[in-house]
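Here the structure is laid out as structure tokens; the discussion comes afterwards.
The values are calculated or read from the model by the stated rules, or taken from the named source; none is laboratory data. All values derive from a computational prediction rather than experimental measurement. Here Cβ is always computed from backbone atoms with ideal geometry, including for glycine, and neighbour counts include all displayed protein chains.
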Amino acid sequence: MVIGKATVDLFKGVKFGAGFQSTPGGIRPSAALIYTYANPDWLVIAMPRVDLSKNANIEGFGIVEYKPEINDKWRFYSRLQGTYVHAMSDDLHTRSYIRARAGVTVKEFTFGVGANMEYYGPLKHNENNIGGFLQVALF
């Protein structure tokens, strides 16, 4: 999936975005509201989105990260990310997921345990993965 949006600030922490979303089904024009809150301990992003085309999808997307300082060198890291996509023309679920992470950060490295729970189609076929993760901050 490829997403491209031009955004305009509505007020502090809230933007309106318009652009496109490219999926295996094609390129669709879309619009979204984007809420962002960030400080050293918290990151919150919420983005409801709608396709501006025939056979449109609506989508809710969100991320919450909590990363408090443990000491001068280490931080706890936790993340919960989810999305829900609904096909409006057929009135059915197309895809949703929840991704959870818990670990620690030292310098530019974050590592720990993670879980992905994916649901596909109107019957919500479920696929789960649990394992370790490593994240490296490049910038």
### Query
Mind checking whether some residue in region 35-45 is surrounded by fewer than 15 Cβ atoms within 10 Å (Cβ to Cβ), in contact (Cβ under 8 Å) with a residue 12 or more places away in the chain and closer than 23 Å to Glu127 by Cβ?
no
### Summary
Restricting attention to region 77-97, the residues that are buried (at least 16 other Cβ atoms within 10 Å of the Cβ) and within 24 Å of Asp41 (Cα to Cα) number exactly 4
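Here is a check on your reading of the model: is Asp41 more than 17 Å from the chain's Cα centre (by Cα) and more than 26 Å from Thr23 (Cβ to Cβ)?
yes
For Phe20, state whether it is loosely packed, with under 12 Cβ neighbours inside 10 Å and over 22 Å from Leu134 (Cα atoms).
no
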### Task
Take region 67-76 and flag every residue that is assigned to a strand (DSSP E or B) and either free of Cβ contacts under 8 Å to residues at least 12 places away in the same chain or more than 22 Å from Trp42 (Cβ to Cβ) (or both).
none
### Task
Could you tell me whether region 109-127 includes any residue that is assigned to a loop (DSSP other than H, G, I, E, B), surrounded by fewer than 12 Cβ atoms within 10 Å (Cβ to Cβ) and among the polar types (S, T, N, Q)?
no
### Task
Give the number of residues within region 1-17 that are more than 17 Å from Val50 (Cα to Cα) and small (Gly, Ala, Ser).
1
### Query
What about Thr105, is it among the polar types (S, T, N, Q), in a strand (DSSP E or B) and within 19 Å of the chain's Cα centre (by Cα)?
no
### Among the candidates Glu69, Glu59, residue that is modelled with pLDDT of 95 or more, under 30 Å from Gly112 (Cα atoms), among the acidic types (Asp, Glu) and loosely packed, with under 15 Cβ neighbours inside 10 Å
Glu69
### Query
Out of curiosity, is Ile130 at pLDDT 95 or above, surrounded by 15 or more Cβ atoms within 10 Å (Cβ to Cβ) and aliphatic (A, V, I, L, M)?
no
### Task
Residue by residue through region 13-23, note down the ones that are farther than 15 Å from Phe61 by Cα and either at pLDDT 95 or above or touching a Gly at 6+ places or on another chain (Cβ under 7 Å) (or both).
Gly13, Ala18, Gly19, Phe20
### Query
Can you name every residue in region 51-66 that is closer than 19 Å to Ser22 by Cβ and touching a residue at least 24 places away in the same chain (Cβ under 8 Å)?
Asp51, Leu52, Ser53, Lys54, Asn55, Ala56, Asn57, Ile58, Glu59
